[in-house]
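Heads up: the structure comes next, in structure tokens.
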Amino acid sequence: MRARYSAYVLNETAFLKASWHADTCPTEVTPNGDLRWCGLIITAHEHASERGRVHFQATYQDAGGFALLDEDARFVFEAGHWLYLDGTPSVSRLRPGRNDACPCGSKRKFKKCCAR
Ligand SMILES: [Zn+2]
């Protein structure tokens with residue numbers, strides 16, 4: 001999961017396709033160049049034999065501001081590798097207050113960081 005997040009950060013589409021299950025992998029994996037990933041938090045994970053689930057929250061910034069991608073992702077273990085099968089993503093826009101921690105991950109207050 002963390003490797004796939006890193007691949008999104010670095011626009012490594014070859015790795016994204018290679019770690020995607022053949023049954024669900026789209027023909028084209030196109031990275032969104034206007035989007036900047038800010039952080040990943042794994043909130044829960046479990047696996048039993050060849051099935052795994054990872055619940056994660058990834059923050060990103062785009063032209064519309066900051067957003068949170070919350071996804072419950074399913075993985076399968078095949079031929080020695082965990083492969084992304086599918087997930088149920090939901091995206092919500094973040095509206096940080098001036099004194100909140102900046103969603104960009106700087107650990108500074110929003111008003112002293114990206115709000116300026
Ligand atoms: Zn910031």
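Values for this structure:
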| quantity | calculated |
| --- | --- |
| Answer from 105, 52, 87 - the residue that is surrounded by 14 or more Cβ atoms within 10 Å (Cβ to Cβ) and touching an Asp or Glu at 6+ places or on another chain (Cβ under 6 Å) | 87 |
| Condition check for residue 47: assigned to a strand (DSSP E or B), away from the ligand (no atom under 16 Å from the Cβ), modelled with pLDDT under 95 and surrounded by 11 or more Cβ atoms within 10 Å (Cβ to Cβ) | yes |
| In segment 75-100, residue farthest from residue 17 (Cα to Cα) [restricted to those that are aliphatic (A, V, I, L, M) and in contact (Cβ under 8 Å) with a residue 24 or more places away in the chain] | 94 |
| Qualifying positions in segment 89-116 - in a strand (DSSP E or B), away from the ligand (no atom under 11 Å from the Cβ) and either more than 12 Å from the chain's Cα centre (by Cα) or acidic (Asp, Glu) (or both) | 92, 93 |
| Residues located in segment 43-61, provided they are in contact (Cβ under 8 Å) with a residue 40 or more places away in the chain and among the aromatic types (Phe, Trp, Tyr) | 56 |
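The values are calculated or read from the model by the stated rules, or taken from the named source; none is laboratory data. Computed from a predicted structure; not experimentally measured. As a convention, Cβ positions derive from the backbone with ideal geometry for all residues, glycine included, and neighbour counts pool all protein chains shown.
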